[in-house]
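Scroll down for the structure; my scribbles are underneath it.
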Amino acid sequence: MSPTTQTAPGRSPVPLAPTQPLALRINGEIRTLQVAPWTTLLDALREYLDLTGTKKGCDHGQCGACTVLVNGKRINSCLSLAVMQEGEDITTIEGIGTAEQLHPVQQAFIDHDAFQCGYCTPGQICSAVALLKEGRGKTEAEVRDLMSGNLCRCGAYTNILSAVMEVVNAQKA
């Protein structure tokens, strides 16, 4: 028998959504939770695991605010089911650096004032970190193209580009 919600007298009980156990490796730590099979990775991170650095923007994969890394590659977590990521290595903005040791991209974003409201910043940073790991984006034009899936409604693109290029150029040296 499946669990049901409480109901008013004289009404039929409504069954609760089926859930299943799920173990996700997030920022190097195994986290277990119970989710419905249709739960997105974004909702699992934010609603079940309280990792709210990853933002919900459009919920359609068009803005990049929900960008996280899966096995080092960037994905839109709003378009991926959490159950599809079991056994994968997931990195959120919380796993990129620490307060004591910022990732070079995080430091460059601060140095170049590459954020205004900050809403897109976690996705922008995750995307930039992946771009650098991929060894791509050697020129400003390439970085613009490779970061085009991450939108900034405030228009901080010039500063974002400057921040990413600082780290690109530091890696070249």
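The values are calculated or read from the model by the stated rules, or taken from the named source; none is laboratory data. Values in this document were obtained by computation on a predicted structure and should not be read as measured data. Methodologically, a virtual Cβ is constructed for each residue, glycine included, from the backbone with ideal geometry; neighbour enumeration extends over all protein chains shown. Heavy atoms of the whole protein, side chains included, go into the accessibility calculation; ligands, DNA and RNA do not. Shrake-Rupley method; radii C 1.70, N 1.55, O 1.52, S 1.80 Å.
For this structure, a couple of remarks:
- Near pairs, Cβ below 6 angstrom, 6+ apart or cross-chain, from region 124-141 (more than 13 Å from GLN107 (Cα to Cα) and open to solvent by less than 10 Å² (accessible area, probe 1.4 Å)) to any residue that is in a loop (DSSP other than H, G, I, E, B) and at pLDDT below 95: LEU131/GLY137
- Any hit, region 111-120, residues being within 21 Å of ILE160 (Cβ to Cβ), free of Cβ contacts under 8 Å to residues at least 12 places away in the same chain and in a helix (DSSP H, G or I): no
- Condition met for GLU166 (within 20 Å of GLY72 (Cβ to Cβ), in a helix (DSSP H, G or I) and modelled with pLDDT of 95 or more): no
- For region 82-123, a residue qualifies if it is under 18 Å from GLY57 (Cα atoms), open to solvent by 60 Å² or more (accessible area, probe 1.4 Å) and among the hydrophobic types (A, V, I, L, M, F, W, C), and the qualifying residues are PHE115, CYS117.
- Exclusive hit being under 13 Å from the mean Cα position of the chain (by Cα) and either free of Cβ contacts under 8 Å to residues at least 24 places away in the same chain or within 25 Å of SER148 (Cβ to Cβ) (or both), set ILE26, ILE93: ILE93
- Test: residue in region 18-29 that is open to solvent by 60 Å² or more (accessible area, probe 1.4 Å), modelled with pLDDT under 95 and touching a Ser or Thr at 6+ places or on another chain (Cβ under 9 Å): yes
- Selection from region 50-64 of residues that are surrounded by fewer than 17 Cβ atoms within 10 Å (Cβ to Cβ) and in contact (Cβ under 8 Å) with a residue 24 or more places away in the chain: GLN62
- Taking region 92-126 as the range and being polar (S, T, N, Q) and within 19 Å of LEU45 (Cα to Cα) as the test, the residues that pass are THR92, THR98, THR121, GLN124.
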